[in-house]
1. For the chain, with every protein chain kept in place, what is the accessible area per residue (1.4 Å probe, Å²)?
2. How large is ³J(HN,Hα) for each residue in region 31-39, as worked out from phi by the Karplus curve 6.51 cos²θ - 1.76 cosθ + 1.60 (θ = phi - 60°), to whole Hz, x for Gly and Pro?
3. Note down the net charge around residue 204, summing +1 for each Lys or Arg and -1 for each Asp or Glu among other residues with Cβ under 9 Å from its Cβ.
4. Between the DSSP loop rule and a limit of at most 11 other Cβ atoms within 10 Å, which trypsin sites (Lys or Arg not before Pro) in region 83-152 are left?
5. Could you tell me the distance between the Cα centroids of region 43-57 and region 179-251, to the nearest Å?
6. Quick one: pull the percentage of alpha-carbon pairs in region 193-251 with a separation above 17 Å.
7. In the chain, carbon and sulfur make up what percent of the accessible area (probe 1.4 Å)?
8. Kindly provide the helix-only [θ] at 222 nm of the chain, computed as the sum of -39,500 (n - 2.57) over DSSP H runs of four or more divided by all residues, to the nearest 500 deg cm²/dmol?
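The values are calculated or read from the model by the stated rules, or taken from the named source; none is laboratory data. It should be emphasised that the depicted structure is a prediction, and the values quoted were computed from it without experimental measurement. All Cβ positions, even for glycine, are placed from backbone atoms using ideal geometry, and neighbour counts span all protein chains on display. Remember, those area values only see protein heavy atoms, side chains included, never the ligands or the DNA or RNA. Shrake-Rupley method; radii C 1.70, N 1.55, O 1.52, S 1.80 Å.
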Amino acid sequence: MPEPLRIVSWNIRAGGGRRVDLIAAHIQGWRADVVALSEFRATPPSRALRDRLERQGLGFQLSTVDETFPASNRLLLASRWPLRAIRLRAAPPEPGRWCLAQVGAPRPFAVGAMHVPNRVSGQKDGFHAAVLNLTRSWRRGPALLVGDTNSGRIGLDEEVPCFGKREDGWFVALEDRCWRDGFRHLHGDRREYTWYSPNGRNGFRLDQAFINRLLLPRLVDTRYEWALCADGRDRRDTVSDHAALIVDLEA
């Protein structure tokens, strides 16, 4: 059976810092074909990570970094195949938190990387609305949207109450538009968490892949993996405070 095409979506925390070698090593170990990184920055560690990924074969890259604000959290898409940026009027209003591209794989598809603002920013609802508008009018073939959404389903993606009706309704609306939460599509109500609050240590599933009906038949697996250090340290947040989201598609 041929190897699947693998997409890794990962919030690398604050541009990677001194952890970039570990981040690059894990991405290589996961045999990623396409990578979508949140909290990528225009800082020396992030630039070093970008170069490492290029040497690993992920040389086609798009980024939303702003060199005038090097420490701001942005996105990086990196791929084994050419990437062609897709710009749509319906795109979310924060360009640094949204990056959409066509992947020139043997069986092409579009991938949208997103990092949804948190509730405190006051910008989450507008971002959610833009994503829904985009999915409603989508006419560009097979696609998936991946990233840290700072959102989840009430009572299912949280260890303690956190998500409200607006977050929950966003998931329902995406489902109604036939953009399936890949993890839920394959694993039902199984509980897994991708981020833990630093104080209460409560878990939340904040990272998702939404796959449209044209790409869904190719979905093989959706899972989460925490990056652990080779020295035996078993703290799940040593490399990043988020688990990586791994999506496998039929090549």
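1. Result: 45 Å² of accessible area for each residue.
2. Karplus values, whole Hz, x for Gly and Pro: 6, 6, 9, 9, 10, 10, 10, 9, 6.
3. Details: positive: 205; negative: 157, 158, 159.
Once all neighbours under 9 Å are counted, the net charge is -2.
4. 87, 89, 139
5. Between the Cα centres of region 43-57 and region 179-251 lies a distance of 23 Å.
6. Counting pairs separated by more than 17 Å, the tail of P(r) holds 50 percent.
7. Details: 5730 of 11320 Å².
Of all accessible area on the chain, carbon and sulfur atoms account for 51 percent.
8. On the way: 5 runs with 53 residues, N = 251.
Calculated from helices alone, the mean residue ellipticity at 222 nm is -6500 deg cm²/dmol.
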